[in-house]
Amino acid sequence: MINETRLRDLLLELCSIDSESREEREVAQHLKSVMESLGAQVEIDGAGEAVGGNTGNVICRIPANSPDAPPIFLAAHMDTVVPGKGVRPVIQGNIIRSNGKTVLGGDDKSGCAIIAEVCRVMVEQNLPHGGIEAVFTICEEVGLLGAKFLDVSKFKSKYGLVLDSDDIGFLFTQAPASDKMKWTIYGLEAHAAMAPEQGMSAIKIASEAIAKMKLGRVNHQTVANVGSIHGGGPDNIVPNRVVVTAEARSLTVEGLDAQTRHMDECFREAAANYKVTINGVEKTARVESEIHREYDTMNVSADSTIVKLVLEAANNLHHKVETLSMMGGCDANVLNRKGLESANLGTGMRAIHTVNEWLDLNDLNKSASVVLEIVRLNGLVKA
Ligand SMILES: [Zn+2]
């Protein structure tokens with residue numbers, strides 16, 4: 001029932017419109033006209049102004065044609081990672097790939113295309129449905145910003161689907177919470193040859209802290225990584241300042257709190273070992289921390305409406321879908337926190353966030369068929 005040619009063409013159109021984060025306007029306008037052409041009411045919210053982007057989230061409403069059926073939402077993000085300028089999709093049989101110079105942007109244009117196609121089929125064939133709320137968000141790749149600024153008070157749906165992961169056999173129902181961290185370590189400047197004992201090396205302090213830190217896969221629920229170190233200067237000066245950035249993620253908030261505390265303590269303990277006395281005045285090294293929670297955990301139960309709907313729909317199509325936890329955050333993390341029960345279904349996007357990104361149209365079609373079946377089944381629910 002999915003029109004595969006139409007779906008592929010829309011995907012190619014969307015991929016060919018550049019939309020790095022904060023620059024999604026052209027794709028937003030295109031999706032707006034596609035959704036209006038199939039009869040949706042479309043609104044673009046003010047999230048763009050709030051995050052310094054050139055468009056807001058695109059929110060589309062298709063009114064119910066079956067008064068008893070409950071509303072459902074479908075969401076995907078419009079922005080892509082870099083390098084995402086000048087995307088030229090290459091078609092090789094059923095495979096669509098980037099030309100190797102940019103990402104393809106199937107993350108998440110595949111989700112956007114599936115949503116538009118499913119809405120079109122529902123309307124075209126006049127299948128019974130409750131209200132359908134289709135949401136195309138901005139700035140997912142730079143901290144889930146569009147979802148964070150989405151005003152869900154206007155939403156009628158209580159549950160729905162985010163289409164933003166790769167393998168079409170997986171429904172992600174669990175995802176971690178994440179902290180972003182930044183430490184500025186202050187030592188003391190001194191001539192490295194004339195008076196090294198009057199200095200405190202910020203680089204050495206940072207190194208000692210990081211050497212003691214549990215990083216990588218800390219346990220089966222928690223991962224952590226130091227991403228950057230900046231600081232220092234000429235080799236003949238003891239460096240007085242270093243900035244270190246890091247992130248940690250955990251499937252439990254307790255696990256994340258413990259890991260973040262541990263990392264912070266490593267810096268504090270390392271700095272506490274450094275003191276020098278100059279002209280009778282004691283100087284100590286110190287650390288300033290900036291820690292913020294990037295997003296909270298997502299944890300959708302196996303007997304939630306959305307999970308049951310997805311599994312039933314997949315089963316009807318003899319397609320195997322299993323629920324799983326992922327170590328990445330997505331808009332579903334934010335939407336769940338806002339009270340919209342949501343799980344994340346795969347679309348067929350592959351090798352995402354690389355210039356080798358590709359997608360198999362067979363997977364895309366299958367995923368679209370499952371989503372159509374989900375919305376169709378939901379439309380049959382009687383109050
Ligand atoms: Zn994505």
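Helix 25-37 and the longest principal axis of the C-alpha atoms of the chain enclose an angle of approximately 20°. Computed over the alpha-carbon atoms, segment 177-294 gives an Rg to Rh ratio of 1.06, Rh here being the Kirkwood radius from the mean inverse distance.
Quick check: from the Cα gyration tensor, does segment 97-179 come out rounded (a/c under 1.5), prolate or oblate? Note, shape of segment 97-179 comes out oblate.
What's the long-distance tail for the chain, i.e. % of Cα pairs beyond 28 Å? Intermediate results must be reported in sequence, preceding the final value.
Details: 37250 of 73153 pairs.
That tail contains 51 percent of the Cα-Cα pairs.
Helix content alone sets the calculated 222 nm mean residue ellipticity of the chain: runs of n ≥ 4 DSSP H residues at -39500 (n - 2.57) each, divided across all residues, give -10000 deg cm²/dmol.
Readers should treat all values here as calculations from the given coordinates under stated rules, not as data from a laboratory. None of these values were measured; they are calculated from a predicted model.
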